[in-house]
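Below: the structure, in structure tokens.
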Amino acid sequence: MSAATGATRRREPRSVLPWLATPALLLFVGFAVVPLVGVFALSFTTWDGIGSIRVTGLTSWRAVLTDPGLPHALWVTFLVMAVSWIVQTPLSILLGTFLAGRQRYRAVLGVVYFVPLMLSSAAIAIAYEALLDPNFGLGAGLKIQALSQDWLGRPWLAFGVVVFVVSWQFVPFHSLIYQGGVQQIPTSLYEAAQLDGAGRIRQFFSITLPQLKYTVITSSTLMVVGSLTFFDLIFVLTEGGPGDATRVLALDMYKRGFQASLMGPASAIAVILVLVGLALALLLRRLGGRDAGASQLEGAS
């Protein structure tokens with residue numbers, strides 16, 4: 001009797017787990033799956049956001065795919081993605097490794113570094129727009145000619161400003177990820193390296209970076225997929241200009257849907273963004289080789 005009771009008690013937690021996951025599943029379906037299905041359905045319609053919705057088949061898709069502005073928006077999106085990844089990843093790894101130290105002052109610096117992530121993207125864009133104003137900004141106030149350029153009026157300068165501001169805001173987040181990854185590396189690896197005479201730089205390239213492989217994959221996935229949704233910062237800072245120099249796909253979607261009242265084409269672009277993000281996430285997971293869930297603790301075995 002007691003053995004049967006014990007077996008029943010051991011089975012109870014497993015039977016309860018699906019019910020515990022039900023609220024999260026309902027939230028995911030309600031706030032992710034249903035809107036995605038709705039957007040996909042809207043991409044086959046013509047709607048101005050106010051009047052009646054008319055099903056028009058592939059009209060919206062044809063208008064988007066034949067628009068010469070789509071390849072340019074895709075190019076700018078991938079360019080922002082690539083350049084911001086190149087800038088953010090090395091800085092995040094270095095800062096994360098530095099902040100993983102045991103010294104107390106590094107913990108204080110970690111809090112300071114995290115401040116930009118707590119600020120609104122729109123507020124950051126407004127602040128930088130004021131600082132970079134060639135007539136009344138930081139350069140004019142300090143009377144430094146190099147800082148008094150038309151930063152947001154020249155295509156490549158505006159693009160560089162966007163990448164800089166994006167990196168300034170999100171490097172702290174990825175530094176936190178790398179900080180956690182470095183702290184999971186067994187100290188025995190570093191102790192063995194010190195006994196072999198390896199210095200700090202050699203330890204970094206021979207131990208830290210290889211052990212951060214899956215952390216890099218995770219951070220890169222968040223960085224790459226997140227870069228597809230850059231909208232508010234670019235909208236406030238440059239509105240996609242000068243010309244179309246910083247008109248990313250998310251901003252193009254907004255302008256078509258809410259400024260031109262073309263909800264069908266805007267929905268088609270939203271579907272394209274989802275497909276591109278899914279493809280990139282799967283590609284990065286494939287590049288990670290084995291299951292990215294394997295932790296750095298493998299080095300301790």
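The values are calculated or read from the model by the stated rules, or taken from the named source; none is laboratory data. It should be emphasised that the depicted structure is a prediction, and the values quoted were computed from it without experimental measurement. For neighbour counting, all protein chains shown are included, and Cβ atoms are generated from backbone atoms with ideal geometry for every residue, glycine included. Only protein heavy atoms, including side chains, enter the accessible area calculation; ligands, DNA and RNA are left aside. Shrake-Rupley method; radii C 1.70, N 1.55, O 1.52, S 1.80 Å.
Being over 31 Å from the mean Cα position of the chain (by Cα) and part of a helix (DSSP H, G or I) is the filter here; which residues of the stretch 174-205 pass it?
Listed by number, the residues that qualify are Ser188, Leu189, Tyr190, Glu191, Ala192, Ala193, Gln194, Leu195.
Please identify the pairs in which a residue from the stretch 23-46 that is within 16 Å of Ser60 (Cβ to Cβ) has its Cβ atom under 9 Å from the Cβ atom of a residue that is among the charged types (D, E, K, R) and open to solvent by 90 Å² or more (accessible area, probe 1.4 Å), counting only partners at least 6 apart or on another chain.
Within 9 Å, the pairs are Thr45/Arg54; Thr46/Arg54.
Got a number for residues in the stretch 42-76 being in contact with a Phe, Trp or Tyr (Cβ under 9 Å, 6 or more places away or on another chain) and among the small types (Gly, Ala, Ser)?
Within the stretch 42-76, residues that are in contact with a Phe, Trp or Tyr (Cβ under 9 Å, 6 or more places away or on another chain) and among the small types (Gly, Ala, Ser) number 4.
Filtering the stretch 164-178 down to residues that are of a type in the set (A, V, I, L, M) and open to solvent by 10 Å² or more (accessible area, probe 1.4 Å), which residue is modelled with the lowest pLDDT?
Among those residues, the one meeting the criterion is Leu176.
Quick one: in the stretch 123-140, which of the residues that are modelled with pLDDT under 90 and open to solvent by 60 Å² or more (accessible area, probe 1.4 Å) is nearest to Pro242 (Cα to Cα)?
That would be Asn135.
Which residues, counting only those in the stretch 141-162, are in contact (Cβ under 8 Å) with a residue 60 or more places away in the chain and in contact with a Gly (Cβ under 6 Å, 6 or more places away or on another chain)?
Those that are in contact (Cβ under 8 Å) with a residue 60 or more places away in the chain and in contact with a Gly (Cβ under 6 Å, 6 or more places away or on another chain): none in the stretch 141-162.
Only residues in the stretch 179-198 that are more than 12 Å from Ala100 (Cα to Cα) and free of Cβ contacts under 8 Å to residues at least 24 places away in the same chain count as the first member; pair them with residues that are in a helix (DSSP H, G or I) and open to solvent by 60 Å² or more (accessible area, probe 1.4 Å), Cβ under 8 angstrom, at least 6 apart or cross-chain, and list the lot.
What qualifies is Ala193/Arg202; Ala193/Ser206; Ala198/Ser206.
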